[in-house]
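The values are calculated or read from the model by the stated rules, or taken from the named source; none is laboratory data. Everything quoted here is computed from the prediction, not taken from an experiment. Every residue, glycine among them, receives a Cβ derived from its backbone with ideal geometry; neighbour counts consider all protein chains shown. Note: areas computed on protein heavy atoms with side chains; ligands, DNA, RNA excluded. Shrake-Rupley method; radii C 1.70, N 1.55, O 1.52, S 1.80 Å.
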Amino acid sequence: MKVVAINGSPRKGGNCAQCLEVMAQVFEREGIEFEVVQPGAKVHPCLACYHCLDNGTLRCIQNDDSVNEVIEKCIAADGIVLASPVYHGGIAGNMKCILDRLMLAAGCGENQLHHKVGAALVTLRRSGGMETYQQLLGTMDAMEMVLVTSDYWNAVHGADPGEVLEDTEGMDVVEHLAENIAWLLKVMDKAGIAPPAAHHRTMTNFIR
């Protein structure tokens, strides 16, 4: 079993990375493979060209950044963790670019993300945590993923890199989140029950 985390921070070694390192320790203890991908700031926004959807490629037509690699890893994974810092009350801009392309390419045709275990966490200096957390959850909710929670909302406070480690309650929440992800993956694996079949998404608008 494998979990892939997308670190949506454009900064290396920041507070999102610190939280994911705590999760990594739990997953190692639980025998779950864990990989963190961090595309950084050099990612392109979705063009809404629908090439991926119309052609069923499961890839974005834009090939000069690392988003297609992220898409491939998420399709192959059993669980996905979305982590983002709070930027002006919402997810980081580069994370939005990644998620728009991931969800369109992998989820809006023959959904490759359905029934994967999903979880979200955010880091923040002061406020905007719940709004950002709900944005991440909403993304996975629309992809028919199985959402995992902790014993409180997954928002950890800290400004300078490493300050999240001083948020004792926040660190407990992150650790418990990883434990719950590992538990659910094992339960689903042991049950051995095939999920309902994926189906092509019906997409309409207010005109037709």
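For the range 1-117, give me the percentage of DSSP beta bridges that are antiparallel, rounded to the nearest 5 percent.
15 percent
Once you list every other residue whose beta carbon is under 12 Å from the beta carbon of E33, what net charge do they have if Lys and Arg are +1 and Asp and Glu are -1?
-2
Which entries of K2/K186; K2/K96; K116/K190 show an alpha-carbon separation above 18 angstrom in the structure shown?
Those over the limit are K2/K96.
Let me make sure I get this right: for the range 77-135, a, b and c are the square roots of the gyration tensor eigenvalues over alpha carbons, sorted descending. Under 1.5 in a/c it's rounded, otherwise prolate if a/b > b/c, else oblate. Which is it?
Prolate.
Scanning the chain for helices, which whole DSSP H stretches are 24 Å or more long along the axis (Cα) and average -0.5 or more by Kyte-Doolittle?
In the chain, the long hydrophobic H runs are 168-191.
With a 1.4 Å probe and all protein chains left in place, how much of the accessible area of the chain comes from carbon and sulfur atoms, in whole percent?
Carbon and sulfur atoms account for 52 percent of the accessible area of the chain.
What ³J(HN,Hα) values, in whole Hz, does the Karplus curve 6.51 cos²θ - 1.76 cosθ + 1.60 give for the range 148-164 when θ = phi - 60°, with x put for Gly and Pro?
So the J values, rounded to whole Hz, are 10, 10, 10, 9, 6, 5, 7, 10, 10, 9, x, 9, 6, x, x, 5, 4.
Build a GNM of the chain with springs between Cα atoms under 10 Å: which of H88, H44, H115 gets the top mean-square fluctuation?
Result for the chain, Cα springs under 10 Å: H88 fluctuates most.
When the chain is fully extended, how far beyond the present Cα-Cα distance does M203 get from E110, taking 0.36 nm per residue of separation?
32.3 nm
Could you do me a favour and compute the accessible area per residue for the chain, 1.4 Å probe, result in Å²? Before the final figure, lay out the partial values.
Details: 10580 Å² over 208 residues.
Accessible surface, normalised per residue, equals 51 Å².
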